[in-house]
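Please treat every number below as a calculation from the coordinates, not as lab data. All figures in this text were calculated on a predicted structure; none of them were measured in a lab. Heads up, the Cβs are rebuilt from the backbone with ideal geometry, glycines too, and the neighbour counts pull from every protein chain shown.
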Amino acid sequence: MKTLLLGLGRANLSVARYLLERGDDVFLYEDHIDMISDAARELLGNSKIKMYQKDDYELAITSPGFPMDKEVIQFLKSRNIPIIDEIEFTYQQLENPKIIAVTGTNGKSTTVSLISSILNAAGVRNFLGGNISPGEPFSRALFQSTVEYYVLEISSFQLMRIEKFHPHIAVITNISRDHLNWHSDFDEYRSAKFSIFRNQGSKDYAVLNYEDKHIQNFLKDIQAQVIFFGYHAKKGAWLNSDFHYQHEKLFSIRKSRLTGRHNLMNVLAAIAVTKILNVQTQMIEKGLATFETLPHRLEDIGKIRGIRYINNSMCTNEDAAIASFRAVPGAKIIILGGKQKGDRGDNYLDLLTKEAKACVILGDNASYITDYFRSKHFDKFTIAQDMDDAVRKARAFSIPGDTILLNPGFASFDYFSNFEERGEAFKHAAYRD
């Protein structure tokens, strides 16, 4: 089979190896060949992968997030060559995989990790992966033994290119404006999210946020059985001082180690999923008790000279930034800024002018943030040149008892390769005098 790979990042790396073992004639399109990983470079050096040329391919497989406006995409479409994502390809190679798929604007990684932690506590073999970072792409499953459930984080980019991908349980955590630099508009972004239910039937489950108005508007198009989660979702997973599922009281919310209203919603989503799978309540409680906060997501890296440092580099959009800010108590000095993704983040910035002790701006959109702060007569801010400078300047605003919170609200692709690199830079700077 003559197959074209669009990108050779971590997801398509396993796909490439699988195709070579299968005997495909493999070609590669890669814009940034000088930036590929050592593992990808080694594979190219020791395999028969050829570089892209305009030709009649039988299939094209994209890395997550591969831009739709590339000339190569238009060429493939003009030749009616099928274009699918790595998750779709992997799904088609596995034999009737049982998929638990989670998408949404915020909370995806935490929710899939909570589900996997609960399944592990219950002794249910599962694969945790997909778009979660750090983590394993779904394509790694091609080289692993089969499991009972594949627990996958799925992005809107990936969902734009599915055909047969069929989750037994599909979850949307929430929907708000994001990635509008990639999608043509918010309607396309929202529709991409809801395509996660496209191939479901009456024996499947759709787990939905009861409090999200965007989700409510799409109910009529869902064929699966709907289970809600939310503070007031009495026909699903809900809470007051305790977690509940339907009419069953489970356990106190103090059993969760996660903080913030948004994280309690993630816990409710995980409870709904695992209750659908008939996991016992004590195993759900155990899974929550042993769950560790993911790196770069309200990651408390400790106190230094009485000042607490929290790394929330994964926060790349307005809603996540607001929820995270409110989840951290006390006086906060915020490091924010980055690359805009089609949204200016004014609601987040307005909140900071009212409630932040001070702000340090680091990013491409520093001039916009500065102008916004001045328009609100907020002057407790400064601009940093790099992360070391940002942390030094945040310390200058701080006294013991305060928190320095990296809570960017924008993407990292201005000064950093990804949010992990940004978060690691923050952690190193925090421990550097």
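Within segment 179-281, which GluC sites (Glu not before Pro) sit in a loop by DSSP and count at most 16 neighbouring Cβ atoms inside 10 Å?
Details: sites: Glu188, Glu211, Glu248; in loops: Glu211.
When the GluC sites (Glu not before Pro) of segment 179-281 are filtered for loop state and at most 16 Cβ neighbours within 10 Å, Glu211 remain.
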Given a Förster distance of 25 Å, the FRET efficiency implied by the Cβ-Cβ spacing of Lys303 and Arg326, rounded to the nearest 0.05, works out to 0.75
For the pair Tyr52 and Asn240, the simple spin-label estimate (label points 7 Å beyond Cα toward Cβ) gives in nm 5.8 nm
Against the 2.2 N^0.38 Å rule of thumb, the C-alpha Rg of segment 180-324 sits at a ratio of 1.19
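What full-extension length gain, to one decimal in nm, is calculated for Asp31 and Asp386 as 0.36 nm per residue of separation minus the Cα-Cα distance? Before the final figure, lay out each step's value.
Numbers: separation 355, 0.36 × 355 = 127.80 nm, distance 2.73 nm.
That pair, Asp31 and Asp386, stretches by 125.1 nm at full extension.
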The answer for the net charge of residues other than Ala356 whose Cβ lies under 10 angstrom from its Cβ, with Lys and Arg +1 and Asp and Glu -1, is +3
Quick P(r) readout (segment 211-259; Cα-Cα; 10 Å bins; whole %) gives 24, 45, 25, 6
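Taking a threshold of 31 Å on the Cα-Cα distance, which of the pairs Lys235/Lys303; Lys70/Lys164; Lys255/Lys393; Lys275/Lys427; Lys220/Lys286 fall above it? Please list the in-between numbers first.
Values: Lys235/Lys303 42 Å; Lys70/Lys164 24 Å; Lys255/Lys393 37 Å; Lys275/Lys427 37 Å; Lys220/Lys286 36 Å.
Result: Lys235/Lys303; Lys255/Lys393; Lys275/Lys427; Lys220/Lys286 exceed 31 Å.
How big is the equivalent ellipsoid of segment 115-195 along its three axes, where each semi-axis is √(5λ) from the Cα gyration tensor, reported in whole Å from largest to smallest?
On the way: eigenvalues 140, 37, 27 Å².
Value: 26, 14, 12 Å, ordered largest first.
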Out of Lys357, Lys48, Lys234, a Gaussian network model of the chain with alpha-carbon springs under 10 Å gives the largest mean-square fluctuation to Lys48
Among segment 65-95, those whose backbone N falls under 18 Å of a label point 7 Å along Cα→Cβ from Ser145 are 95
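What FRET efficiency would be calculated for the residue pair Arg261, Lys70, taking the C-beta separation as r and a Förster radius of 60 Å, to the nearest 0.05?
Working: r = 39 Å, r/R0 = 0.66.
Given R0 = 60 Å and the Cβ-Cβ separation, E is 0.95.
Could you work out the Rg to Rh ratio of the chain, with Rh taken as the Kirkwood radius (inverse of the mean 1/r over all Cα pairs)?
Working: Rg = 22.2 Å, Rh = 22.8 Å.
We get a ratio of 0.97 for the chain.
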Highest GNM mean-square fluctuation among Lys98, Lys70, Lys235, for the chain with Cα springs under 10 Å, belongs to Lys70
Checking segment 1-91 for GluC sites (Glu not before Pro) in a loop per DSSP with at most 14 other beta-carbon atoms within 10 Å yields Glu58
For segment 52-170, using Cα atoms only, the Rg and Dmax in Å read 15.4, 51
Note on segment 88-289: C-alpha Rg/Rh, Kirkwood Rh, two decimals, gives 0.94
Counting all Cα-Cα pairs in segment 289-430, those more than 25 Å apart amount in percent to 16 percent
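Can you give the relative contact order of segment 2-81 as a percent, counting alpha carbon pairs under 8 Å and 6+ residues apart? Write down the numbers at each step before the final one.
Numbers: 91 pairs, mean separation 33.6, N = 80.
Relative CO of segment 2-81 lands at 42 percent.
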The distance between the Cα centres of segment 238-258 and segment 106-147, in whole Å, is 24 Å
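Percent of Cα-Cα pairs more than 19 Å apart in segment 2-81, please.
Details: 945 of 3160 pairs.
So the portion of pairs separated by more than 19 Å is 30 percent.
Determine, for Asp388, Asp69, Asp343, Asp85, the number of other Cβ atoms within 10 Å of each Cβ, and report the residues in order from fewest to most. Don't skip to the end; give the middle numbers.
On the way: Asp388 15, Asp69 8, Asp343 20, Asp85 28.
Ascending number of Cβ neighbours within 10 Å: Asp69, Asp388, Asp343, Asp85.
Two-decimal Rg/Rh of segment 51-101 from alpha-carbon positions, Kirkwood Rh?
Details: Rg = 12.9 Å, Rh = 12.4 Å.
Here Rg/Rh amounts to 1.04.
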